[in-house]
Amino acid sequence: MANQVTIAVIEDHPLALVGMNAVCASNSMWQVVHSGDSITDLLASKTACNIVILDLELHGRLVTVDQINELLDAGSRVLVVSALTSPTRIRNLLRAGVFGFVSKHEPQEVLLDAIHAAAVGEPWTSPDLAAILARDPLRPALSEQEERALSLYASGLKLQSVARIMEVQPSTVKEYIERIRAKYEAVGRRAPTKVHLARNAEEDGYL
């Protein structure tokens, strides 16, 4: 079928694996071409698939960004389904290129919506998880310009270089950084140095 979507399911709990396979089988345009509990086995099989539905913790170990990158490099869109819903973790996964995140506490319909979105190449997060990300109390609310300044500055650029890229004065960038530091301090996260800012930026998915 020309429009058929091929799917691999990676999950180390047998009942959950059966359940996700059943969800995929509910749509005649979706075909599960690989089902197992190992990313390594999937990659070794060289099975081409449009979507990989992936549990974030396999056999007691968290899946790494490098492993996710291997799946992305193989041409698959990665949809994470996990009980681990830390806002920072979710944000970092989305920044790394994961197409969507579904909590295992969500109903089946949510997973169906996520697969539909991934099938057409649309990043997806459930409304409940989006709300969690938005109200994360330890993540300061930064303006769009502050986010951009933090991303550039924390990546190692000097104020002058950040200013040139953002097409503003160095004094303006300095003001952004000072405001960012104050906002992090206000939520109890230290940010007195560039090293601290870089660590916070990485945790919050800006790098």
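The values are calculated or read from the model by the stated rules, or taken from the named source; none is laboratory data. Keep in mind that this is a model prediction, so the values were computed, not measured. As a convention, Cβ positions derive from the backbone with ideal geometry for all residues, glycine included, and neighbour counts pool all protein chains shown.
In segment 129-155, which residue that is in contact (Cβ under 8 Å) with a residue 24 or more places away in the chain and not in a helix (DSSP H, G or I) is farthest from residue 191 (Cα to Cα)? Walk me through it before giving the result.
As a first pass, look at segment 129-155 and keep what is in contact (Cβ under 8 Å) with a residue 24 or more places away in the chain: 129, 132-133, 136-142, 145-147, 149-151, 153-155.
Filter again for not in a helix (DSSP H, G or I), leaving 136-142, 155.
Details: 136: 18, 137: 16, 138: 13, 139: 13, 140: 12, 141: 15, 142: 14, 155: 15 Å.
For segment 129-155, the residue satisfying everything is 136.
Report whether or not residue 151 is exposed (fewer than 15 other Cβ atoms within 10 Å of the Cβ), farther than 28 Å from residue 43 by Cα and assigned by TED's automatic domain parsing to the domain that holds residue 176. If you could, list the steps in order and put the result at the bottom.
On the way: exposed (fewer than 15 other Cβ atoms within 10 Å of the Cβ): no; farther than 28 Å from residue 43 by Cα: yes; assigned by TED's automatic domain parsing to the domain that holds residue 176: yes.
Spelling it out, it is not the case that residue 151 is exposed (fewer than 15 other Cβ atoms within 10 Å of the Cβ), farther than 28 Å from residue 43 by Cα and assigned by TED's automatic domain parsing to the domain that holds residue 176.
Can you confirm whether segment 74-86 contains a residue that is touching a residue at least 60 places away in the same chain (Cβ under 8 Å) and outside any strand (DSSP E or B)? Yes, because at least one residue in segment 74-86 is touching a residue at least 60 places away in the same chain (Cβ under 8 Å) and outside any strand (DSSP E or B).
Note on segment 1-31: residues that are under 19 Å from residue 109 (Cβ atoms) and assigned to a strand (DSSP E or B) amount to 4. Of all residues in segment 98-123 being among the charged types (D, E, K, R) and within 18 Å of residue 16 (Cβ to Cβ), which is farthest from the chain's Cα centre (by Cα)? This residue is 109. Close contacts from segment 178-207, counting a first residue that is of a type in the set (Ser, Thr, Tyr) and a second that is assigned to a loop (DSSP other than H, G, I, E, B), with Cβ to Cβ under 9 Å and a gap of 6+ residues or different chains, come to 184/140; 184/190; 184/191; 206/142; 206/155. Taking segment 154-199 on its own, how many of its residues are surrounded by 15 or more Cβ atoms within 10 Å (Cβ to Cβ), under 19 Å from residue 136 (Cα atoms) and of a type in the set (Val, Ile, Thr)? Qualifying residue count, segment 154-199: 1. Residue count for segment 90-128 satisfying the condition of being without any contact (Cβ under 8 Å) to a residue 24 or more places away in the chain, surrounded by 14 or more Cβ atoms within 10 Å (Cβ to Cβ) and not aliphatic (A, V, I, L, M): 3.
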